[in-house]
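Notes follow the structure.
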Amino acid sequence: MVTNFWNNLPHGFTVLAPMEGVTDVVFRKVISRAGAPDVFFTEFTNVSSFASEKGRNNALERLDLEITKAPKSAKNSKNPDRALNTTPVVAQVWGKNPAHFKELASALENLGFSGLDINMGCPDRHVNKAGGGAAMIKTPGLAIECIKSAKSATSLPVSVKTRLGFTYIDEYKTWLPLLLEQNLSALTVHLRTRKEMSKVPAHFELIPEIIKLRDKISPDTKLIINGDINDIKHVQELSKTYPEVDGFMIGRGVFKNPFCFNKEYIDKKPSKEDLQDLLEYHLSLFDKRQKELEKRNSRYPYEPLKHFFKIYINNFPGASGLRAKLMECHDTASVRALLKSETTL
Ligand SMILES: Cc1cc2nc3c(=O)[nH]c(=O)nc-3n(C[C@H](O)[C@H](O)[C@H](O)COP(=O)(O)O)c2cc1C
């Protein structure tokens, strides 16, 4: 019997937001070492890719938890492998084909996930053109069918992450009730419309109205708020102001501070050494993952790793010069050599 992990979380729990190209198995592990949230989300996986012969392997790679497996002897609670293994990971999926939702949902439990989340908020044009993400707000009948299909195929808790509306803020008044009527385990509301992308401040002023809707329609659904939340200190402030909100999701905050979930860093910034240690850990996981995928005749390309350097090499004299040099590197060995030569200067 699967337990609904959402019911066992502390009040005011924290969630690492799903971020395509960012929150894969490697980065989730990096964040585990810096300070784990209460819940991880994966990047989103397309249900129709999973359902197709051609896309299945790629979908399964995105849903990989393999390098997260802790050695059985791991006793140290600070071991990041262990942290990841005890922190629930929710697989986020998107698409518009109810039968494909069913197919992927039925596989998730065996893959080791604690929950399934349906993306109904992504503003990406390609995703929306394919009828997924925020486009679901415009096809509510289909959205409900997809939720029902997913729920029918798994005993894992099913949740939805969405926005206030597609074009207008007021859409939340009909869209959120519709979702809440589906008896979801959790509902994450990114406090912006699709049209607003991330260009305007999140509409925190609407939180009390959203709480009222949740309390009236589905009091057992965990309400998670997302948008412009920086770190654990900010979470604690918001939790005091809005005690009825169950959880708080942080996305881009990890780029400003990867230690943003760590209570030990609540009143201090990570040092240059903290960040460089974390970068070295990221590089070692990158190598491990690359080897793992090569063995499976797949690839873990180097170029996307470059996007992460600004997280670690930041806010100290000479940081931007070092970053520029790092951007010229073409593999982890040259990154390491450069970092070594900089510290021995
Ligand atoms: C690089 C990037 C990739 C994202 N990918 C996803 C995704 O796969 N699924 C999703 O629901 N949201 C995705 N988002 C949106 C975030 O989960 C989050 O809702 C948004 O960034 C607002 O939260 P924040 O202000 O804390 O960053 C992505 C955001 C970014 C910046």
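Read-outs throughout are calculated quantities, based only on the coordinates presented, and are distinct from any laboratory measurement. Here the structure is a predicted model, which is why all the values come from computation and not from measurement. Please note: Cβ atoms are built from the backbone with ideal geometry, for glycine as well, and neighbour counts cover all protein chains shown.
Placing unit charges on each Cβ (+1 for Lys and Arg, -1 for Asp and Glu) gives the chain a dipole about its Cα centre, and among 4, 136, 25 the Cα reaching farthest toward its positive end belongs to 25.
Mean residue ellipticity at 222 nm, helices only, the chain: -12500 deg cm²/dmol; runs of at least 4 DSSP H residues each add -39,500 (n - 2.57), and the sum is divided by the number of residues. Amide H contacts for residue 229 (H built 1.01 Å from N in the peptide plane; partners 5 or more residues away or on another chain; cut-off under 5 Å): 251. Spin-label model, residue 269/residue 52: points 7 Å from Cα along the beta carbon direction are separated by 4.6 nm. With R₀ set to 35 Å, the beta-carbon distance separating residue 252 from residue 168 gives a calculated FRET efficiency near 0.90. Annotation for residue 8 and residue 109: the two label points, set 7 Å from Cα along the Cα-Cβ direction, are 1.6 nm apart. For region 275-345, lysine pairs separated by 8 or more sequence positions, or belonging to different chains, with Cα-Cα distances below 24 Å total 12. Under the simplified labelling scheme, the residue 295-residue 178 pair shows an inter-label distance of 4.7 nm, with each label point 7 Å from Cα along Cα→Cβ. Each residue of region 113-119 is assigned a 3J(HN,Hα), and the resulting list reads 7, 9, x, 10, 10, 9, 7 Hz, derived from the Karplus form 6.51 cos²θ - 1.76 cosθ + 1.60 (θ = phi - 60°), x at Gly and Pro. Of all the C-alpha pairs in the chain, what % are more than 37 Å from each other? In whole percent, the long-distance tail amounts to 17. In this structure, residue 144 and residue 316 have a Cβ-Cβ separation that, at R0 = 45 Å, corresponds to a calculated FRET efficiency of about 0.30. Among 94, 175, sorting on how many other beta-carbon atoms sit within 10 Å of each Cβ, with the fewest leading, yields 175, 94.
The slack in the chain from residue 155 to residue 241, taken as 0.36 nm per residue of separation less the alpha-carbon distance, amounts to 27.6 nm.
Close amide H contacts of residue 45 (hydrogens built in the peptide plane, cut-off under 5 Å, sequence separation of 5 or more or a different chain): 92, 93, 94.
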